[in-house]
Amino acid sequence: MIVLTGGGGFIGSNVLAELNAMKMEKIIVVDSLNDAVKWRNLVDKRFVDYWDKDKFLKEFSGWDEIEAVVHMGARTDTMDFDVQAILEDNYYYSQKLWQQCAARGIRFIYASSASVYGAGANGFSEASDVRSVIPLNPYAWSKHLFDRWITMQEADSLTWAGLRFFNVYGPGEWHKGRMASVMLHFYNQIMETGSCKLFRSYKPEYPDGGQLRDFVYVKDVASLIAWLVNHDFASGYYNVGTGTPRSFLDVAEILFARLGMPPKIEFIDMPKGLSSRYQYFTSADMYRTNSLGSGVTFRNIESGVSDYVNELRLTQRE
């Protein structure tokens, strides 16, 4: 049996789909479905039970049947400044799950974040001292805090992986609102207005729209997580990206080309207060992740965006 937290969310629902494709259905989904739409990510998936995230920790008694916990549930809004609520969901809840797994030797795979690297002054390698980074927002700090806490635990009884996701995009994110990927935001803008808005740059070394991110397709992320569920690996942190940063302008131009439309791009100012917390560059050091030998190939954005647009068009026809 596998526990999958955040199973109704973006990455979690794709992990569930990948496990189902592998004929794995003995899965307990844990989530908080307190919005009106996220439940739709679960309607075509197969699992044995659903638990609300708070009731699960208080009432669940079947831990001895669990082989792995895949902890994707989190409060992910990088513009949320309710720090106590963020800590409750991302730090304290994660600690409680970890403690249950450590007591029973249950494999623990959890969502960290590339945001723990801050502005990247010390690079984007898992070998970086977790104590030396400076997160840029409360969400990133909560992930950093849990990563740091884990390094101080006695963990010989279990195998664990902290997955530092870079900029994930793809199917299943439509409920995320402003926290959805730029791929979805750009696609919606283009379909509604025929144009696309990109942020101006406030650093001379980056042209407008030339800010660089490591974009990774969610189906490839899900394939890696499913591999970790089913194979042995060394405990530790693993970057999940492509290792090849691309610009927002690249993304927009690829979308226009995929849609068969001439590019029409407008540059706009960043929202007030964002520029001081904005990452201009991310690029995953993929050496450790590639050394797993998982066989997962992380698609470039040309391939990923093409597949995603196909999915979006199918959804719109339904």
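The residues of the stretch 67-82 that are over 24 Å from Ala222 (Cβ atoms) and surrounded by 13 or more Cβ atoms within 10 Å (Cβ to Cβ), listed by number, are Met79, Asp80. Quick check on my filter: what residues within the stretch 103-134 are closer than 20 Å to Asp232 by Cα and buried (at least 18 other Cβ atoms within 10 Å of the Cβ)? Once the filter is applied, which keeps residues that are closer than 20 Å to Asp232 by Cα and buried (at least 18 other Cβ atoms within 10 Å of the Cβ), the stretch 103-134 yields Ile106, Arg107, Phe108, Ile109, Tyr110, Ala111, Ser112, Glu126.
Please go through the stretch 177-216 and give me each residue that is in a helix (DSSP H, G or I), over 17 Å from Asp269 (Cα atoms) and not polar (S, T, N, Q), ordered by number.
Filtering the stretch 177-216 for residues in a helix (DSSP H, G or I) gives 177-179, 182-193.
Among the residues that remain, those that are also over 17 Å from Asp269 (Cα atoms) are: 177, 179, 183-184, 187-188, 190-193.
Hits for the stretch 177-216 are Gly177, Met179, Met183, Leu184, Tyr187, Ile190, Met191, Glu192.
For the stretch 119-131, a residue qualifies if it is free of Cβ contacts under 8 Å to residues at least 60 places away in the same chain and either in contact with a Cys (Cβ under 6 Å, 6 or more places away or on another chain) or within 18 Å of Phe281 (Cα to Cα) (or both), and the qualifying residues are Ala121, Asn122, Ser128.
Looking at the stretch 241-318, what helices (runs of 4 or more DSSP H) fall wholly within it and have at least 3 residues that are open to solvent by 60 Å² or more (accessible area, probe 1.4 Å), closer than 24 Å to Leu228 by Cβ and not β-branched (Val, Ile, Thr)?
Per the criteria, 287-290.
When Asp64, Asp89 are checked against the criterion of being surrounded by fewer than 12 Cβ atoms within 10 Å (Cβ to Cβ) and in a helix (DSSP H, G or I), a single residue qualifies: Asp64. Being open to solvent by less than 30 Å² (accessible area, probe 1.4 Å), on the phi < 0 side of the Ramachandran plot and part of a loop (DSSP other than H, G, I, E, B) is true of Gly7.
This table checks each residue for (1) out of contact with any Gly (no Cβ under 6 Å at 6 or more places or on another chain); (2) open to solvent by 50 Å² or more (accessible area, probe 1.4 Å); (3) modelled with pLDDT of 95 or more.
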{"position": "Leu136", "(1), (2), (3)": "no, no, no"}
{"position": "His175", "(1), (2), (3)": "yes, no, no"}
{"position": "Val182", "(1), (2), (3)": "yes, no, yes"}
{"position": "His185", "(1), (2), (3)": "yes, yes, yes"}
{"position": "Gly210", "(1), (2), (3)": "yes, no, yes"}
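The values are calculated or read from the model by the stated rules, or taken from the named source; none is laboratory data. Note that this is a predicted model, so its numbers are computed, not measured. Backbone-built Cβ (ideal geometry, glycine too); neighbour counts: all protein chains shown. Just the protein is used for accessible areas: all its heavy atoms, side chains included, with ligands, DNA and RNA removed. Shrake-Rupley method; radii C 1.70, N 1.55, O 1.52, S 1.80 Å.
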